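Undergrad: Take this structure first; my questions come after.
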Amino acid sequence: MLKVREGDLDKMGLLFERYHRELFGFLYHMSGQPDGSEDMVQTVFYRMLKYRHTFTGEGSFRAWMYHLARNVLADFRQKHKRSAQQYDLANYAEKIAGGLAADEALHKEQELAALREALASLSPDYREVLVLSRFQELKYEEIARVLGTTEGAVKVRVHRAMQELKKFFFSIEQ
């Protein structure tokens, strides 16, 4: 990104190749809109180019990128006023387990549906820290930069979000 900031705009293609899927995943999990997420990814990369002078190189590129993505997401929400989320957690199912028998697979599918519903029940702030930490696998330090807070505050927020998620998940499962 420092080279892009200095005027080597050809490097934007490389950044797009490296990060567009990751950004799409974040924006999709936060908005539940596949088409809207594709548009938002494009907007994030446009803003990267437009505001390239604001990247100083002191923090991580990913933290700066997610900061821009959060702003694009806020603009999208303001424009569309939608809050219903649908999560495609099937992509993450392999992280849970593999090679299950048919009845275990059905149980796993039911658990994923309950997890989708529990995630949708969380407040946007809690959902955001869980998506960034668990699905996007950002470190707490990076999340703190994205959110403009301390690493300790992020840890507390993730802990509280997990507690809420457990509460919603177990109430749905019963």
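The values are calculated or read from the model by the stated rules, or taken from the named source; none is laboratory data. Everything quoted here is computed from the prediction, not taken from an experiment. Neighbour counts run over all protein chains shown; Cβ positions are idealised from the backbone, glycine included. Just so you know, the surface numbers come from the protein's heavy atoms only, side chains and all, with ligands and any DNA or RNA stripped out. Shrake-Rupley method; radii C 1.70, N 1.55, O 1.52, S 1.80 Å.
Undergrad: Going by the conditions given, is residue 104 under 23 Å from residue 159 (Cα atoms), out of contact with any Pro (no Cβ under 6 Å at 6 or more places or on another chain) and either at pLDDT below 80 or charged (D, E, K, R) (or both)?
TA: It is false that residue 104 is under 23 Å from residue 159 (Cα atoms), out of contact with any Pro (no Cβ under 6 Å at 6 or more places or on another chain) and either at pLDDT below 80 or charged (D, E, K, R) (or both).
Undergrad: Can you confirm whether the stretch 111-118 contains a residue that is open to solvent by less than 30 Å² (accessible area, probe 1.4 Å) and at pLDDT 85 or above?
TA: Scanning the stretch 111-118 turns up no residue that is open to solvent by less than 30 Å² (accessible area, probe 1.4 Å) and at pLDDT 85 or above.
Undergrad: Answer yes or no: is there a residue in the stretch 117-139 that is farther than 24 Å from residue 24 by Cα and charged (D, E, K, R).
TA: Looking through the stretch 117-139, none of the residues is farther than 24 Å from residue 24 by Cα and charged (D, E, K, R).
Undergrad: While we're here: Can you tell me which residues in the stretch 47-82 are among the β-branched types (Val, Ile, Thr) and in a helix (DSSP H, G or I)?
TA: 54, 72
Undergrad: Using beta carbons and a limit of 6 Å, which pairs, at least six apart or on different chains, have the first residue in the stretch 150-165 and without any contact (Cβ under 8 Å) to a residue 60 or more places away in the chain and the second one of a type in the set (D, E, K, R) and surrounded by fewer than 15 Cβ atoms within 10 Å (Cβ to Cβ)?
TA: Matching pairs, first to second residue: 151/141.
Undergrad: In the set 137, 104, which member is open to solvent by 90 Å² or more (accessible area, probe 1.4 Å), outside any helix (DSSP H, G or I) and acidic (Asp, Glu)?
TA: Step by step, each of 137, 104 is checked, and only 137 is open to solvent by 90 Å² or more (accessible area, probe 1.4 Å), outside any helix (DSSP H, G or I) and acidic (Asp, Glu).
Undergrad: What's the total number of residues in the stretch 13-34 that are under 18 Å from residue 51 (Cα atoms) and touching a Phe, Trp or Tyr at 6+ places or on another chain (Cβ under 7 Å)?
TA: 1
Undergrad: Could you please give the count of residues in the stretch 146-166 that are part of a helix (DSSP H, G or I), at pLDDT 90 or above and more than 14 Å from the chain's Cα centre (by Cα)?
TA: 13
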